[in-house]
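Here's the structure we're looking at; comments come further down.
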Amino acid sequence: MSNRKNGSNTGRNDDGTFGPGNRGKPKGARHAITRAVEELLQGQAEVLTQKAIDRALEGDVTALRLCIDRIAPARKDAPVSFDLPAMQSAVEAAKAAEAVLSAVSGGEITPLEGAAVMGLVEQYRRALELTEFEKRIDALEMRK
């Protein structure tokens, strides 16, 4: 017989959902190992940080990478700058999409940056269309 926890001994139903009266782990609850490690390290952050810095200064490449990653982490996103026309209608949003494609094809921005900007243009276009749709519905209702 396996020691594996299953629905019969974890307070869960057969389908994996929590049974009556068992709401599961409270929000924000942390794993026991995480709490134990934090307890061991409590009050040692300064000493450990200084040790990592000392090792990095002595030439330990791993310690140096750790220190640099904390001081200047890799950027996950960067601002892009190129001409994008104003958008007040879906037609103008199409012109903005054309500007994004032109910027990508001209090498002003990368294809990934273009895709991200294009997603924003598309969301804005949808918002413009929804606003226009609401105006039309309001106008029709006012006629009645």
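Any read-out appearing in this document is the output of simple, stated calculations on the displayed coordinates, not a laboratory observation. Computed from a predicted model, the values in this text were never measured in an experiment. Cβ coordinates were reconstructed from backbone atoms using ideal geometry, including for glycine residues, and neighbour counts include every protein chain displayed.
For the reader, a short list of remarks on this structure follows.
- For the chain, convex hull volume per residue from C-alpha positions, Å³: 346
- Amide H contacts for residue 18 (H built 1.01 Å from N in the peptide plane; partners 5 or more residues away or on another chain; cut-off under 5 Å): 13.
- Principal-axis tilt of helix 61-71 within the chain, Cα atoms, nearest 10 degrees: 50
- Cβ-based exposure ranking for 60, 83, in which fewest neighbours within 10 Å come first: 83, 60
- Between 133, 18, 82, the GNM of the chain built on Cα springs shorter than 10 angstrom shows 18 fluctuating the most.
- Residue exposure sequence - 37, 104 - by fewest surrounding Cβ within 10 Å: 37, 104
- Electrostatic dipole magnitude of the stretch 91-138 [Cβ: Lys, Arg +1; Asp, Glu -1; Cα centre; debye, to 20]: 60
- Using alpha-carbon coordinates, inclination of helix 45-57 to the longest axis of the chain, degrees: 80
- Net dipole in debye of the chain [+1 Lys, Arg Cβ; -1 Asp, Glu Cβ; about Cα centre; nearest 20]: 860
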